[in-house]
Structures are given as C-alpha cells and as structure tokens.
Amino acid sequence: MLFRLASILLLLVWGIGFANEDLRIGDSCYFSRAENAIDDKADLKNVHKMIQAYEKALKDSSVHEKATEGLLNSYYFMLRFASPEKEKRKELLKEVSLLAERMHAKYPNNIKISKLYLLTLSMWGAETNPFLAVKQGVAKRVRDLADSIKDYQILGRSHQVLPYIPIILSWPDKELAEKYLVKALELDSKDPYNYFFLSEIRFDQGLYDEAEKFIQAGLDLGVRTDFFLEDKRGRWHLKELQKKIAHKKRR
C-alpha cells in the first residue's frame, strides 16, 4: 500500500516537472523567436515548437495560467510574423480569437491575457468583416476592455482608426486618440509604434515637420534584441511614412 502511494506521488511529481519543462521550452522558444528569421518573417518551425510546448504545459493546472499567456502570445506572434495566407489565416484567426475569448473569461483579471484577447479580437474584426464586426459591437468591446486595463495604445488606436458612423459607431474621437497615444508614449518610450501612431496623427493633420520629429525619435531607438522582429517592422512603418512625407513636401 505504501509502495503504491509512493509510486502515485512520484508520478504526480514527475508529471508536474514535465509540464513545467514544457513551459520552460515554450518560454525559451519564444525568447528566441527571431532566430532564423528572413527579413521580418519568423521561422515557422520555431513557432510550431513553442505552440506545441505551451499546449502540453496546459495539461498541468499549476502552470495553466502562465501556459495560457505563452500560448496566446505565440499565436499572436504567429499571426503577425509567420502566418499562412488567405483562407488558412482566416481559419487560424477565428480559432485564436475564440481561444482568447475563453481564456479571458477564465482569467478575467490577468492583464496580459486581456490584452492578447483585445489584440486578436481587433485583428479578427479588421481582417474578416470590419463593418459586421462594428455592428456586432466588437469595436466597443475592444474600447471598453482597453479602458478597463488602461492600455492606452490600444485605446488610442481604436479612436484613431475607427470611423465615426452616426448611431452605429458614434464614439471615435480623434482628440481622444491623440490624448491616449501621448499617454502611451509617456508610459513606454521604447516602443517604436507609440511614435509611429503619433506621427500618423500629425501626418493626417498636415503637420509634416512634427510628424518627422516623432519618426526620427522612433528611429533613434534602434532595435531591441528582445523585440527584434517587432521593432524591425515598426522601423519599416516609420520609414514608409517618412517617404510619404518627403513626397508630400516635394509636391
């Protein structure tokens, strides 16, 4: 009887260790997510490996929440940097957005999971049927949840890109967009996208010199080693806007 109990306890400890090892592997793959990338396209093999590791780690309830963060982060990274195209991408995006919704319901106080739910929901709305998504209240859900977790970048971006549509979508406000994006920059001055979004606002206002100042400040950041692909793409956006401004000034 004692031997049987000891064996069960040993199996339980081994199972927990194995699941934690899967979490470690997933985290290691995510940390190395830029390895073997071509331009800003990630190595799909590494992405699949991190996703598989996090999915295995989910089987251990003691690390389920952390594994959920890692899995959603991996899927979001995949959608941005290693995603299949067209129909397969649509299917993946739908699956990930539904997974994120379930995990947000399970862990409503986890800010990382809430943000990943916001990001995937926004991506789903933008890439499937934007008008239908607006009618279904997706934009309002994104705005309200971003407000609740004080994610000023997503909140500002929602006001910036969504159109004002009487009755259907009457809340987007360009002044609020600027206010929130300035706040986002104050809180995180190392993210090139905070500079890019503000430079877009200045560009739309016709304030090209001010837009260029934001662009240059964003480019001066360089590329963070732990956000290599993210920052590389951010710099590409900044440089593309810089070209548009130069073209405008030549006219």
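Every number here is computed from the coordinates shown, using simple stated rules; none is lab data. Everything quoted here is computed from the prediction, not taken from an experiment. Every residue, glycine among them, receives a Cβ derived from its backbone with ideal geometry; neighbour counts consider all protein chains shown.
Please list, by residue number, everything in region 183-201 whose backbone N is under 20 Å from a paramagnetic label point 7 Å out along Cα→Cβ of D226.
Answer for this model: 185-195.
Order of M78, M123 from fewest to most other C-beta atoms within 10 Å?
Ordered from fewest to most neighbouring Cβ atoms within 10 Å, M78, M123 come out as M123, M78.
Evaluate E = 1/(1 + (r/R0)^6) for S189 and D144, where r is the Cβ-Cβ distance and R0 equals 45 Å; express this FRET efficiency to the nearest 0.05.
My answer for the efficiency is 0.95.
What's the FRET efficiency of L44 with E65 using the Cβ-Cβ distance as r and R₀ = 30 Å, to the nearest 0.05?
Once the sixth-power term is evaluated, E becomes 0.65.
Within region 31-74, whose backbone N sits under 17 Å from a point 7 Å along Cα→Cβ of L98?
Residues 72 qualify, since their backbone N sits under 17 Å from the label point.
Of F228, F81, how do they rank once you tally other Cβ atoms within 10 Å and put the fewest first?
F228, F81
Given charges of +1 on the Cβ of Lys and Arg and -1 on the Cβ of Asp and Glu, with all other atoms neutral, how large is the dipole of the chain about its Cα centre, in debye to the nearest 20?
It works out to roughly 480 debye.
Just to be sure I understand the curve: with the Debye formula and one point per C-alpha of the chain, what is log10 I(q)/I(0) at q = 0.09, 0.12 Å⁻¹?
Log10 I(q)/I(0), no solvent term: -0.47, -0.80.
Could you work out the local net charge near M123, counting Lys and Arg as +1, Asp and Glu as -1, over the other residues with Cβ closer than 14 Å to its Cβ?
That sum, taken over residues with Cβ under 14 Å, equals +3.
Could you work out the local net charge near I113, counting Lys and Arg as +1, Asp and Glu as -1, over the other residues with Cβ closer than 12 Å to its Cβ?
Combined, the nearby Lys, Arg, Asp and Glu give +2.
Please compute P(r) over all alpha-carbon pairs of region 188-251, binned at 10 Å starting from zero, and give each bin as a whole-number percent.
Here the calculated profile for region 188-251 is 25, 53, 19, 3.
What ³J(HN,Hα) values, in whole Hz, does the Karplus curve 6.51 cos²θ - 1.76 cosθ + 1.60 give for region 34-40 when θ = phi - 60°, with x put for Gly and Pro?
So the J values, rounded to whole Hz, are 8, 5, 6, 6, 10, 6, 10.
In a Debye calculation with equal point scatterers on the alpha-carbon sites of region 17-92 and no solvent, what is log10 I(q)/I(0) at q = 0.17, 0.21, 0.27 Å⁻¹?
-0.60, -0.84, -1.16
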